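**Student:** Below you'll find the structure I mean.
The values are calculated or read from the model by the stated rules, or taken from the named source; none is laboratory data. The structure presented is a predicted model; accordingly, all values stated were derived computationally and were not measured. So basically every Cβ, Gly included, is an ideal-geometry build from the backbone, and we count neighbours across all protein chains shown. Surface areas here come from the heavy atoms of the whole protein model, side chains and all, with no ligands, DNA or RNA. Shrake-Rupley method; radii C 1.70, N 1.55, O 1.52, S 1.80 Å.
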Amino acid sequence: MHYEKLDDYPEGFLWGASSAAYQIEGAAAEDGKGSSIWDVYAHEPGNTYKGTTGDVAVDHYHRLVEDLDLMKRMGLKAYRFSVAWSRVIPTGDGAVNPAGLNFYARLIDGLLERGIQPVPTLYHWDLPEALQEKYEGWESRQCIDAFEKYCRIMFTTFGDRVKYWITINEQNVFTSMGYRWQLHPPKKNDVKTMFVVNHHVNLANARAITLFHKLVPGGLIGPSFGYGPVYPLNSDPANVLASVNADDFNNNWWLDVYCRGEYPYFTLKALQRMGIAPEVSAADDALLRSAKPDFLGVNYYHGGTVAENRLDRPTDSASDKASEADQADKTDATAKTGTTGEKSEKGEKKEFSGIDPYLMQPKEGQAQTPEVPMFQSMANPYVKKSAWGWEIDPVGFRIALRQLFEKYGLPLFVTENGLGAADKVENGEIHDSYRIKYLEDHLLAMKEAVTDGVPVIGYCAWSFTDLLSWLNGYRKRYGFVYVDCNDEQSGTLDRTPKDSFFWYRDIIKTNGGLLGKERA
Ligand code: BGP
């Protein structure tokens, strides 16, 4: 559908920006905070780019007021941040740390005083280390009880002031990176365990939502999912079937549980056949079916393209060529961004560039590859890529919003979208026209989705300030505000608004009216 004129963004649209505790706060061991699994993981040699850690990050903990003032200056209507569970309950399920709660009280009250809606995420990957040690973290159901206890504290403390809440960030990413690809803690490669963990997180999400609805009437809560539409490589029915499989395996596997309370039938069958499906008790089933989110948080970076995965595929097939092109592109991206890779403790070379959690694929001969008979990821020749090899696909954003609303009928809240780039400071200024272009194209695509009729309640760009990328250090920047930090972790941490800061301020001021218009 093409429109002569697009609808306006709705009144009260939540124009925002996002962050996550581990990536910005620093103060990793201050004021009684306990360690998280990321505090420990980042300190083990070879796990992160140049050994970067969140010990100081961008020091948001100490620069709270400065950051809040910058948010007000930009005119933000919403700010999505995450709460470090181990700051609130240092041992994960023991005593509450009043200083930790007080930090979030200052943040939330500071936002409200400035007319900004706080949007806390309860779990953005930084599990208290004590829970990992005591129970093997999410492998145990005790972790679900601990999460519920922590949520209760958050809801009873802040439910009177905070309307929008996110339960879990990108469950698809942290479970696969942590239990399959060995790139996040606890660095395991065990698909069966990955599905157990995933099931437990589903239950934790459902328990949090159920509790929230009891304790915070009038509030709204939902998970944030890393969503990408799946395209077939072409109209070959075998590839179309592969795209149906991939959508089920990569998207429905989580979304059907969140929104319908059940695992998708075909993927569940396939996993059962392989002996790696999670066990769902009658009580689990009842809980999952009864807990419904009020909205769906959507993190959109890009989708993916797939083809049939024929195990006897001839080497010169079109898709193999596309795959080679993809590989070449990734290598090129690595060269462009100057990543040389690092040696891990064991000595094998490890590339931190080009890691794309949404498109990870089993390597040849890698054990336990449930999707092998279902599909194979391919390069998409129609879309450009960022310097880190992530596809740039604003039309896919509109498709994503359409598909999600059509499938689940829930209002959507875009909780992440943005461009990672190596920004340069020129005479004290940062001219990030590429980021403005990226955001503008995506905001226009979202406006088209809104005109199509999709109810979108807000958009939080990733990210407000520059911050620590989990695996890419500080040079892969996403922020509207430049932070003087580097991979040697020796910058001044001074803040400087980029060109995109002023551009987004004007977009917010006009409720999106300036999108696609010439600017002076
Ligand atoms: C999402 C995470 C964010 C952020 C973003 C960019 O998956 O929820 O926390 O990290 O991706 O990722 P990266 O820094 O790897 O480019």
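**Student:** Can you pull the accessible area of Lys163 for me, 1.4 Å probe, Å² to the nearest 10?
**Tutor:** Roughly 90 Å² of Lys163 is accessible to a 1.4 Å probe.
**Student:** While we're looking at this one, here's another question. Taking amide H positions as placed 1.01 Å from N in the peptide plane, with prolines and chain starts having none, which residues 5 or more places from Ser36, or on another chain, fall under 5 Å of its amide H?
**Tutor:** Amide H neighbours of Ser36: Glu129.
**Student:** Can you give the charge dipole size of the chain about its Cα centre, rounded to the nearest 20 debye, using +1 on the beta carbon of Lys and Arg and -1 on the beta carbon of Asp and Glu?
**Tutor:** Here the chain has a charge dipole of around 640 debye.
**Student:** OK, next. Could you compute the net charge surrounding Trp15? Neighbours are other residues with a C-beta less than 10 Å from the C-beta of Trp15; K and R count +1, D and E count -1.
**Tutor:** That works out to +3.
**Student:** How much of the accessible area of the chain, in percent, comes from carbon and sulfur atoms when a 1.4 Å probe is used?
**Tutor:** Values: 10490 of 20250 Å².
Exposed carbon and sulfur together represent 52 percent of the surface.
**Student:** Give me the one-decimal nm value for the distance between modelled label points at Ser235 and Asp506, 7 Å along each residue's Cα-to-Cβ direction.
**Tutor:** Result for the modelled spin labels: 4.3 nm.
**Student:** Just add up the charged neighbours of Trp254: K/R +1, D/E -1, any other residue whose Cβ is under 14 Å from the Cβ of Trp254.
**Tutor:** -3
**Student:** Counting only complete DSSP H runs, which helices of the chain cover 20 Å or more along their long axis at the Cα atoms and score a mean Kyte-Doolittle of -1.0 or above?
**Tutor:** Membrane-span-like by this rule: 98-113, 142-158, 191-215, 394-408, 433-452.
**Student:** Which percent, to the nearest 5, of DSSP beta bridges fully inside the chain are antiparallel?
**Tutor:** Numbers: 14 of 47 bridges.
About 30 percent, rounded to the nearest 5.
**Student:** Around Thr156, with a cut-off of 14 angstrom between Cβ atoms, what is the net charge of the other residues, counting Lys and Arg +1 and Asp and Glu -1?
**Tutor:** On the way: positive: Lys149, Arg152, Arg161, Lys214; negative: Glu148, Asp160.
Overall, the nearby charge balance is +2.
**Student:** Follow-up question, since we're still on this one. Pull up all non-local amide H partners of Gly473: gap of 5 or more, or a different chain, and H-to-H distance under 5 Å with H placed in the peptide plane.
**Tutor:** Those qualifying (amide H under 5 Å, at least 5 residues apart or on another chain) are Tyr49.
**Student:** Right, here's the next one. Which of the three applies to the stretch 366-502, rounded, prolate or oblate, going by the alpha-carbon gyration tensor with a ≥ b ≥ c and a/c under 1.5 meaning rounded?
**Tutor:** The shape class here is oblate.
**Student:** Among Lys134/Lys188; Lys50/Lys149; Lys149/Lys269; Lys188/Lys407, which pairs are too far apart, with a Cα-Cα distance over 25 Å? Intermediate results must be reported in sequence, preceding the final value.
**Tutor:** On the way: Lys134/Lys188 17 Å; Lys50/Lys149 36 Å; Lys149/Lys269 34 Å; Lys188/Lys407 33 Å.
Among Lys134/Lys188; Lys50/Lys149; Lys149/Lys269; Lys188/Lys407, the Cα-Cα distance tops 25 Å for Lys50/Lys149; Lys149/Lys269; Lys188/Lys407.
**Student:** Can I ask one more? Solvent-accessible area per residue for the chain at a 1.4 Å probe radius, Å²? Write out the running numbers ahead of the final one.
**Tutor:** Details: 20250 Å² over 520 residues.
Solvent-accessible surface per residue comes out at 39 Å².
**Student:** Moving to a separate point now. Between rounded, prolate and oblate, where does the stretch 149-240 land on the alpha carbon gyration tensor, with a ≥ b ≥ c its root eigenvalues, rounded for a/c under 1.5, else prolate if a/b exceeds b/c?
**Tutor:** oblate
**Student:** Follow-up. Quote the convex hull volume per residue of the chain, based on C-alpha atoms, as a whole number of Å³. Walk me through the numbers before you get to the answer.
**Tutor:** Numbers: hull volume 75.8 nm³, N = 520.
In the chain, the Cα hull volume divided by residue count equals 146 Å³.
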